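K.L.:
This is the structure, below, for whatever I ask next.
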Amino acid sequence: MKLHLGSGGKFLEGFVHVDIRPEVKPDHVADWLDLSFAQDHTADLIYFSHGIEHIRKPDIGKALVEWHRVLKPHGLLRLATTDFQAVAGLYIDEHVTLIRLSGMLIGRQNYEDNTHYSLWDYELLAWTLGENGFYDIRRWNPDKVHPPDFDDFSRAKVNGVCISLNVEAKAKA
């Protein structure tokens, strides 16, 4: 089984789609902190694009424990989130306005759950994953993983700079 958390109406072939919003017609309407529809150690892959920043900071550990529970030993957690280092560089070095970048940092806030509660760079995300039962933490390339026509912000660029931090890790046995 492969899970696509926070699918938001963007469907990947071969995945079970999970979202908190029933209107996007996922396979399962569920909170990312409670995947009780899935048995322990049944998923080969969990993919969550631009969603971990929507989880309240005190709940990040809970989410990672739940995802670890669902993943098979050595199963893959693949995340994409806003890369704070890239966005900060665009703001400081490229003089991209905060108006253009604010949605990437705080969410668009156009519906209740579209607010960002955390910011990530590679160091912090890798440390957090390591502290919560994951290993072999590395960056991944969406062009090598997704179909060419699939767009979910994992490839997002501003002024030619990728603003998505794409990191994957394996669940410890």
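The values are calculated or read from the model by the stated rules, or taken from the named source; none is laboratory data. Keep in mind it's a predicted model, so treat the numbers as computed, not measured. We place every Cβ from the backbone using ideal geometry, glycine too, and count neighbours over all the protein chains shown.
K.L.:
Go through segment 24-64 and give me each residue that's of a type in the set (Gly, Ala, Ser) and farther than 21 Å from Leu125 by Cβ.
P.N.:
Kept after step one, since they are of a type in the set (Gly, Ala, Ser), are these residues of segment 24-64: 30, 36, 38, 43, 49, 51, 61, 63.
Result: Ala30, Ser36, Ala38.
K.L.:
Any residue in segment 155-172 that is in contact (Cβ under 8 Å) with a residue 12 or more places away in the chain sitting within a Cβ distance under 8 Å of a residue that is surrounded by fewer than 19 Cβ atoms within 10 Å (Cβ to Cβ) and hydroxyl-bearing (Ser, Thr, Tyr)? List the pairs, counting only those 6 or more apart or interchain.
P.N.:
That search, which allows pairs on different chains as well, returns Leu165/Tyr122; Val167/Tyr122; Ala169/Tyr135; Lys170/Tyr135; Lys172/Tyr135.
K.L.:
Looking at (1) at pLDDT below 95; (2) touching a helix residue (DSSP H, G or I) at 6+ places or on another chain (Cβ under 7 Å); (3) at positive phi; (4) not hydrophobic (A, V, I, L, M, F, W, C), which one does Gly133 not meet, given that it meets all the others?
P.N.:
Only one criterion in (1) at pLDDT below 95; (2) touching a helix residue (DSSP H, G or I) at 6+ places or on another chain (Cβ under 7 Å); (3) at positive phi; (4) not hydrophobic (A, V, I, L, M, F, W, C) is unmet by Gly133, namely (1).
K.L.:
Which ones in segment 9-41 are surrounded by 15 or more Cβ atoms within 10 Å (Cβ to Cβ) and either hydroxyl-bearing (Ser, Thr, Tyr) or touching a residue at least 60 places away in the same chain (Cβ under 8 Å) (or both)?
P.N.:
The answer is Lys10, Leu12, Ile20, Arg21.
K.L.:
Name the residues in segment 1-52 that are in contact with a Lys or Arg (Cβ under 9 Å, 6 or more places away or on another chain), among the aliphatic types (A, V, I, L, M), assigned to a strand (DSSP E or B) and under 17 Å from Ala80 (Cα atoms), would you?
P.N.:
Within segment 1-52, Leu45, Ile46 qualify.
K.L.:
Kindly provide the set of residues from segment 124-149 that are aromatic (Phe, Trp, Tyr), exposed (fewer than 14 other Cβ atoms within 10 Å of the Cβ) and under 16 Å from the mean Cα position of the chain (by Cα), ordered by number.
P.N.:
Trp127
K.L.:
Check off (1) modelled with pLDDT under 95; (2) surrounded by 15 or more Cβ atoms within 10 Å (Cβ to Cβ); (3) not polar (S, T, N, Q) for Ile99 and give me the number that stays unchecked.
P.N.:
It fails just one condition, (2).
K.L.:
Turning to a different aspect of this structure: Filter segment 96-121 for residues that are aliphatic (A, V, I, L, M), out of contact with any Phe, Trp or Tyr (no Cβ under 7 Å at 6 or more places or on another chain) and touching a residue at least 12 places away in the same chain (Cβ under 8 Å) and give the result.
P.N.:
First pass over segment 96-121, keeping only residues aliphatic (A, V, I, L, M): 96, 98-99, 101, 104-106, 119.
If we keep only those that are out of contact with any Phe, Trp or Tyr (no Cβ under 7 Å at 6 or more places or on another chain) as well, we get 96, 99, 104-106.
If the condition is that a residue be aliphatic (A, V, I, L, M), out of contact with any Phe, Trp or Tyr (no Cβ under 7 Å at 6 or more places or on another chain) and touching a residue at least 12 places away in the same chain (Cβ under 8 Å), then Val96, Met104, Leu105 are the ones that fit.
K.L.:
Could you figure out which of (1) charged (D, E, K, R); (2) without any contact (Cβ under 8 Å) to a residue 12 or more places away in the chain; (3) farther than 26 Å from Lys2 by Cα isn't true of Asp149?
P.N.:
With (1) charged (D, E, K, R); (2) without any contact (Cβ under 8 Å) to a residue 12 or more places away in the chain; (3) farther than 26 Å from Lys2 by Cα applied to Asp149, the lone miss is (3).
K.L.:
Oh, and also: Considering only residues of segment 42-77 that are surrounded by fewer than 20 Cβ atoms within 10 Å (Cβ to Cβ) and under 18 Å from Asp152 (Cβ atoms), which is nearest to the chain's Cα centre (by Cα)?
P.N.:
Checked segment 42-77; the qualifying residue nearest to the chain's Cα centre (by Cα) is His54.
K.L.:
Sticking with this structure for a sec: Which residue, of Asp121, Asp152, Asp83, is out of contact with any strand residue (DSSP E or B) (no Cβ under 6 Å at 6 or more places or on another chain) and either at negative phi or surrounded by 16 or more Cβ atoms within 10 Å (Cβ to Cβ) (or both)? Show your work before the answer.
P.N.:
Values: Asp152 fails: out of contact with any strand residue (DSSP E or B) (no Cβ under 6 Å at 6 or more places or on another chain); Asp83 fails: out of contact with any strand residue (DSSP E or B) (no Cβ under 6 Å at 6 or more places or on another chain).
Going through Asp121, Asp152, Asp83 in turn, the sole match is Asp121.
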